[in-house]
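The values are calculated or read from the model by the stated rules, or taken from the named source; none is laboratory data. The structure presented is a predicted model; accordingly, all values stated were derived computationally and were not measured. Here Cβ is always computed from backbone atoms with ideal geometry, including for glycine, and neighbour counts include all displayed protein chains. The accessibility values were calculated without ligands, DNA or RNA, using every heavy atom of the protein model including side chains. Shrake-Rupley method; radii C 1.70, N 1.55, O 1.52, S 1.80 Å.
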Amino acid sequence: MTQVADRAAAGYRAFISYSHRDGVFAARLHRRLEAYRLPKALGVGRRLTPIFKDREELPAAADLGSQVREALSQSACLVVVCSPDAAASPWVAREIETFRQMHPDRPVLAALLRGEPSEAFPPALSAGGLEPLAADFRKQGDGERLAVLKLAAGLAGVGVDQLIRRDAQRRQRTVTAITAAAVAGMLIMGAMTTVALAARKEAERQRASAEQLVEFMLTDLRDGLKGAGSLPVQTKVNQRALDYYREQDFQALPAASRQRWARILLALAEDDIGRGDLDTATSRVDEAYRVTRTDLEASSEDADAIWTHAQSVFWRGMLAHLRRQATAAQTDWLEYARLAHRLRDLEPGTLRTLKELAYSENGLCSLAVAQKQDKPAALRLCASAVALAEQVSKRAPKDPAAQFDLATNHGWLADARMLPGGGQDTAGARVERSQQVAMLDRLLKSEPDNAKYLDSWATGQVALGRISFHDKDYVESRRSYERVLAVFGPLLVRDPTNASWRNQIAEARRAIAVVDAYEHKEIGNDSRTQ
């Protein structure tokens with residue numbers, strides 16, 4: 001508690017040191033840190049204020065100046081925005097040296113903005129063998145959200161895990177509030193867009209504002225609602241966004257707006273599939289397909305047009321797959337794979353491209369498993385999907401969606417190993433399913449009520465039960481099914497209307513009955529033999 005008391009007694013919680021070329025980022029970081037609210041239970045105050053950020057950089061030959069020296073003397077921490085420009089800045093170097101001379105026992109935190117540490121860290125940071133706590137703001141690093149949490153933890157003198165858990169809980173609690181605000185915003189937006197605007201410039205400004213809200217609904221809000229299992233609210237939000245587009249002049253919309261329209265149709269189709277309404281889903285996907293195909297024909301080398309049309313093709317294939325129309329599904333998913341490779345040619349090495357390649361291999365893998373005709377091909381496709389999903393996971397280690405996709409691909413590879421032909425590889429299938437369940441266990445620690453994770457976890461447990469049953473390990477088989485009952489029983493009490501959870505419980509109970517019957521039969525055979 002002494003360190004916390006020392007920080008509270010200082011005039012500033014922190015001093016931000018940066019090159020003037022990184023001024024825009026430094027200003028944003030200053031705002032985010034001062035706006036961050038710490039959990040009350042930590043007992044270190046609620047706000048990280050005040051934080052000092054100097055406005056100008058002095059010439060190389062100038063002294064720091066009395067104002068800067070005074071601020072450094074009163075700061076509990078030093079935050080250094082690290083980039084190649086900062087590494088070359090004598091101003092940043094003098095601020096680091098002065099702070100460490102004044103406060104050798106106070107922390108120095110690094111905010112890595114650009115470049116590798118070797119080229120972005122000012123030499124003064126590591127002088128004397130000292131290594132600063134680093135928060136990596138790069139996309140391939142921590143990303144901005146986690147990096148800000150790391151800095152906030154460093155400034156407050158608390159563990160970063162405490163803030164990460166608090167941040168996850170806060171996001172989960174606010175999903176309902178965000179939903180209500182978004183629906184209200186869409187109602188306001190709809191009223192605004194029905195009014196004839198006097199000037200073209202004003203009309204475009206209003207449209208841009210509305211579409212920013214639509215984009216939020218398609219991304220962050222939709223992800224939160226899917227995790228919470230709020231399908232009716234999710235569908236209502238998407239329908240309101242679609243109504244907005246139906247009120248527009250389609251021919252006058254720019255390509256980006258038409259593609260967003262198509263994405264809303266596909267999102268609604270996904271919700272329809274979740275309810276089992278394949279006919280409505282098909283009509284929406286067909287409409288989206290016509291929109292995206294027209295845009296792609298007009299801009300055949302546009303990466304965004306290729307990506308958006310690929311989504312329409314994927315969902316056409318998914319509907320055919322769900323209707324057990326294997327030939328149509330294979331035609332669409334081969335086309336989807338072709339589009340993914342076209343995207344790779346235009347955007348080699350991007351995360352978006354890598355994801356599309358992984359999804360295309362996964363689709364073809366699932367078809368091969370369902371057809372049960374060519375085990376070597378199924379194994380090859382499913383192993384390729386796992387390898388690509390692992391690359392995505394390594395590129396985006398903090399992205400739960402990437403971890404979930406990798407877990408799903410391990411499940412498909414397990415199914416491929418259980419196909420007839422050359423003997424069922426139960427040992428290999430068990431390894432893949434165990435990896436799937438272990439990854440989902442980790443995801444559920446952060447989001448224990450995420451419906452998507454829970455359903456996939458149950459699928460993995462049921463599959464492990466079948467594998468153990470195949471190996472005549474009836475005790476372990478029953479345990480797998482009982483784990484499903486232990487999790488989904490209390491959930492169903494909380495929400496009796498959830499059909500998916502009822503199905504999970506019913507399947508687990510049927511499987512336990514089969515296991516018991518076979519176990520008793522085996523015991524009876526053994527006794528008769530004796």
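Checking the stretch 365-381 against the condition returns no match, with no residue being in contact with a helix residue (DSSP H, G or I) (Cβ under 9 Å, 6 or more places away or on another chain), in a helix (DSSP H, G or I), open to solvent by less than 70 Å² (accessible area, probe 1.4 Å) and more than 16 Å from Ala416 (Cβ to Cβ).
Look at (1) closer than 21 Å to Ala416 by Cα; (2) open to solvent by 70 Å² or more (accessible area, probe 1.4 Å) and you find that Pro348 fails only one, number (1).
I'm trying to understand the selection: among the residues of the stretch 355-395, which are farther than 14 Å from Ala414 by Cα, touching a Leu at 6+ places or on another chain (Cβ under 7 Å) and not acidic (Asp, Glu)? Scanning the stretch 355-395 gives Leu357, Ala358, Leu364, Leu388, Ala389, Gln391, Val392, Ser393, Arg395.
Against the test of being touching a Ser or Thr at 6+ places or on another chain (Cβ under 7 Å) and assigned to a helix (DSSP H, G or I), the options Glu70, Glu95 yield a single qualifying residue, Glu95.
Val148 - would you say it is modelled with pLDDT of 90 or more, touching a Lys or Arg at 6+ places or on another chain (Cβ under 6 Å) and not aromatic (Phe, Trp, Tyr)? Even if it seems obvious, please write down each step before you answer.
Numbers: modelled with pLDDT of 90 or more: yes; touching a Lys or Arg at 6+ places or on another chain (Cβ under 6 Å): yes; not aromatic (Phe, Trp, Tyr): yes.
Here the answer is yes, as Val148 does meet what is asked.
Number of residues in the stretch 145-161 that are charged (D, E, K, R) and buried (at least 18 other Cβ atoms within 10 Å of the Cβ): the value is 1. Checked against the criteria, Leu354 counts as open to solvent by less than 60 Å² (accessible area, probe 1.4 Å) and either within 20 Å of the chain's Cα centre (by Cα) or more than 20 Å from Ser393 (Cα to Cα) (or both).
Which residues, counting only those in the stretch 471-486, are closer than 20 Å to Ser456 by Cβ, open to solvent by less than 50 Å² (accessible area, probe 1.4 Å) and not hydroxyl-bearing (Ser, Thr, Tyr)?
Step one: of the stretch 471-486, the residues closer than 20 Å to Ser456 by Cβ are 477, 479-486.
Those left that are additionally open to solvent by less than 50 Å² (accessible area, probe 1.4 Å): 477, 480-481, 484-485.
Result: Val484, Leu485.
Table: residues versus (1) open to solvent by 30 Å² or more (accessible area, probe 1.4 Å); (2) modelled with pLDDT under 90; (3) under 38 Å from the mean Cα position of the chain (by Cα).
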residue	(1), (2), (3)
Lys40	yes, yes, yes
Val44	no, yes, yes
Leu48	no, yes, yes
Ile51	no, no, yes
Ser66	yes, yes, no
Ala71	no, no, no
Ala86	no, no, yes
Gln101	yes, no, no
Ala120	no, no, yes
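For the stretch 306-336, how many residues are of a type in the set (A, V, I, L, M) and under 23 Å from the mean Cα position of the chain (by Cα)? Let's see the steps before the verdict.
At the first step, the residues of the stretch 306-336 found to be of a type in the set (A, V, I, L, M) are 306, 310, 313, 318-320, 322, 326, 328-329, 334.
The next check asks that each one be under 23 Å from the mean Cα position of the chain (by Cα); those that pass are 306, 310, 313, 318.
Qualifying residue count for the region: 4.
Please work out which residue is surrounded by the most Cβ atoms within 10 Å (Cβ to Cβ), limiting yourself to the stretch 385-430 and to residues that are free of Cβ contacts under 8 Å to residues at least 12 places away in the same chain and within 26 Å of the chain's Cα centre (by Cα). Taking the candidates together, the pick is Asp399.
Out of curiosity, is Thr308 touching a residue at least 12 places away in the same chain (Cβ under 8 Å) and among the β-branched types (Val, Ile, Thr)?
Working: touching a residue at least 12 places away in the same chain (Cβ under 8 Å): yes; among the β-branched types (Val, Ile, Thr): yes.
For Thr308, the condition - touching a residue at least 12 places away in the same chain (Cβ under 8 Å) and among the β-branched types (Val, Ile, Thr) - is met.
Residue pairs whose Cβ atoms lie under 8 Å apart, separated by 6 or more positions or on different chains, with the first residue in the stretch 328-356 and free of Cβ contacts under 8 Å to residues at least 40 places away in the same chain and the second not in a helix (DSSP H, G or I), are Thr353/Glu347. Each residue in the stretch 122-144 was checked for being on the phi > 0 side of the Ramachandran plot and either surrounded by 13 or more Cβ atoms within 10 Å (Cβ to Cβ) or of a type in the set (A, V, I, L, M, F, W, C) (or both), and 1 of them qualify. Within the stretch 487-513, the set of residues being of a type in the set (A, V, I, L, M), open to solvent by less than 70 Å² (accessible area, probe 1.4 Å) and either at pLDDT 85 or above or more than 18 Å from Asn450 (Cβ to Cβ) (or both) comprises Val487, Ile505, Ala506, Ala508, Ala511, Ile512, Ala513.
Going through Ala288, Ala305, Ala329 one at a time, which residue ends up being of a type in the set (Gly, Ala, Ser), closer than 22 Å to Ala368 by Cα and either open to solvent by less than 40 Å² (accessible area, probe 1.4 Å) or part of a helix (DSSP H, G or I) (or both)?
Details: Ala288 fails: closer than 22 Å to Ala368 by Cα; Ala305 fails: closer than 22 Å to Ala368 by Cα.
When all the criteria are applied, what remains is Ala329.
Only residues that are of a type in the set (Gly, Ala, Ser) and farther than 23 Å from Arg352 by Cβ were counted across the stretch 381-423, and they come to 6.
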